[in-house]
1. Looking only at the chain, where both bridge partners belong to it, what percent of the DSSP beta bridges are antiparallel (to the nearest 5)?
2. Could you list the residues of the stretch 68-82 with an amide nitrogen less than 19 Å from a label point located 7 Å from the Cα of D57 in the Cα-to-C-beta direction?
3. Tally Lys/Arg at +1 and Asp/Glu at -1 over every other residue whose Cβ is under 14 Å from the Cβ of H135; what's the total?
4. Which of T228, T469, H368 sits closest to the plus end of the dipole of the chain, meaning its Cα is farthest towards the positive end, when Lys and Arg get +1 and Asp and Glu get -1 on the C-beta?
5. Of S428, Y445, F84, which is farthest towards the positive pole of the chain's charge dipole, taken about the Cα centre with +1 and -1 on the beta-carbons of Lys, Arg and Asp, Glu respectively?
6. Using the Cα centre of the chain as the reference point, and only Cβ charges (+1 on K/R, -1 on D/E), how large is the resulting charge dipole? Debye, rounded to the nearest 20.
7. Say each of N463 and N93 gets a label point 7 Å from the Cα, pointing the same way as Cα to Cβ; how far apart are those two points in nm?
8. What shape does the chain take by its C-alpha gyration tensor, where a ≥ b ≥ c are the square roots of the eigenvalues and a/c under 1.5 counts as rounded, a/b above b/c as prolate, and the rest as oblate?
Amino acid sequence: MNILLSSAELDHFAKVGGLADISSALAIEWEKLGHNPIVVLPKYQCIDHLEEIEFTDTGLLFTICSLPIRIFKSVIPHTRIPVFLVECDSLYNRPGIYGNPDGYEDNDLRFFVLCKAAFEIMIALNIKIDIVSAHDYHTALLLPLLKLEYGMNPLFQHTKGVLTIHNAQYQGFYEINRVSTFTQWDLYSKDIQSPFLFDNKFNALYTGINFADAIIAVSPGYANEILTHEFGEGLHDVFQQHKHKLHGILNGVNYDSWNPENDKYISEHFSLQDRNGKQKGKLKLLTSKIGMIEPEALPLFGIVSRFTSQKGFDIFHGCIEQLLEEKKLHLIVLGSGDVQYEVYFTHLEETFPNHCSFTSGYDEVLAHEILAYSDFFLMPSVFEPCGLTQLYALKYGTIPIVRKVGGLKDTIENVQMMNGTGNGITFSAFNSDSLLTSIQIALEYYEHSDIMNTIIRNAMKSNFPIGNTANDYISLFKELLTH
Ligand code: ADP
Ligand code: GLC
């Protein structure tokens, strides 16, 4: 099967969050299964500075929306999977991927050009495509392009378009006049409801939903949740309308990258049978981050996250301060994003320098160290389409404390001491008291090594391989192609 995958992020090339991990892990697994994934990504400025990534000029030149485009080619490291990099300096030669905090004003054009370039590259190289795999609002416009323009081309005559929704909160609201100018689409349909406009705005995600042959939400839990007013981000009725083509497929982990026995980012390796390395790593991390010469025997809680309201840090107020004040735990935080959370964690670090450390920014090594060496991992999300960090934490015996939503609900089972089951601690209500209760339960477990050993064993044995995810995608693709 030839699968054209285009996404705003790709691990090793350009990453902000889990979208990068999954785009690249899916492609790798599809290749292992004997398929031909072909990836198309913008040539962001950051890609020029990556030591691991080499690329060559393909000589392909296009003009898209009156902009000159040049195509480079690379591969996903350690694979033969082609990654076509779309160079257009006026659109992509800038710092960052999306342009924080509110996104670049021309993200509409930036991602539309990416989508068109993906088809143009396939035409120039004469590659027949079976499946177009679009990810989030950024590349959702691959789907109307397939149905309205490129479907006439023999290369795409039988192609099916699939939209994966990693996060329905981001929808890509664009100004109607701008979009109609550069797409040349007739956005106002006279007789039927416009497939482009939602609430009188151009909505890229909504458009993708309408033109997709199938929609995948990144966990079964999230697939159910987006049908509801609470989690549908205003599109719940639209999702209800398209329920027949909505599927929930749980994300998975690339255990070649996330494995305590050979993780290339950590220095102290360990396994289920021998966890000495975890203890040593914890002491090293505490010493380097909190500067403790003789770390107290307190549990270490970790956070690695994008800073956005989605991640639930608003309920930390009135809970974490108290625990730090009482010297009940160590907290090591890595994250970046919304200023209010950066300010909050900076304040916590300044107030409790012996118990809390905050590192602002993106740091691959520290992310792996925190996930590997902490005792507990905090994820009190307001909503969580899947969540990958709780899955990574499990593999390292770092016990997730999560709110029961979306993919967190699907992957973390609350500990039941009576029968020795469970791989984490879960809570339901989104408030400081519920979080506090969960952390207090964790502190209690921490006092009992037999209980901790059982939970750690359950966690490390939990298994969510990306191979299963990739297989489920392929089964769906096959079904689409035969109907
Ligand atoms: P989301 O995609 O919503 O951010 P996920 O749990 O699915 O959440 O994936 C987050 C990914 O981004 C993980 O690979 C995590 O390790 C990584 N990550 C998040 N914040 C940082 C950071 N500040 N530095 C390094 N990696 C980070
Ligand atoms: C999104 C979601 C996260 C999910 C990731 C990968 O960023 O917020 O829950 O794990 O995409 O699908």
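Every number here is computed from the coordinates shown, using simple stated rules; none is lab data. Just so you know, these numbers come straight off a predicted model, no measurement behind them. Because the Cβ atoms are built from the backbone with ideal geometry, glycine has one as well, and the counts that use them run over all protein chains shown.
1. Numbers: 19 of 68 bridges.
Percentage antiparallel, nearest 5: 30.
2. Residues 68-75 qualify, since their backbone N sits under 19 Å from the label point.
3. Values: positive: K15; negative: E9, D11, D21, D136.
Taking every other residue near H135 into account, the sum is -3.
4. It is T469.
5. It is F84, whose Cα lies furthest towards the positive end.
6. Details: 35 positive and 57 negative charges, 215 e Å.
Value, rounded to 20: 1040 debye.
7. 5.0 nm
8. Working: a/c = 1.84, a/b = 1.72, b/c = 1.07.
Prolate, because a/c is 1.5 or more and a/b exceeds b/c.
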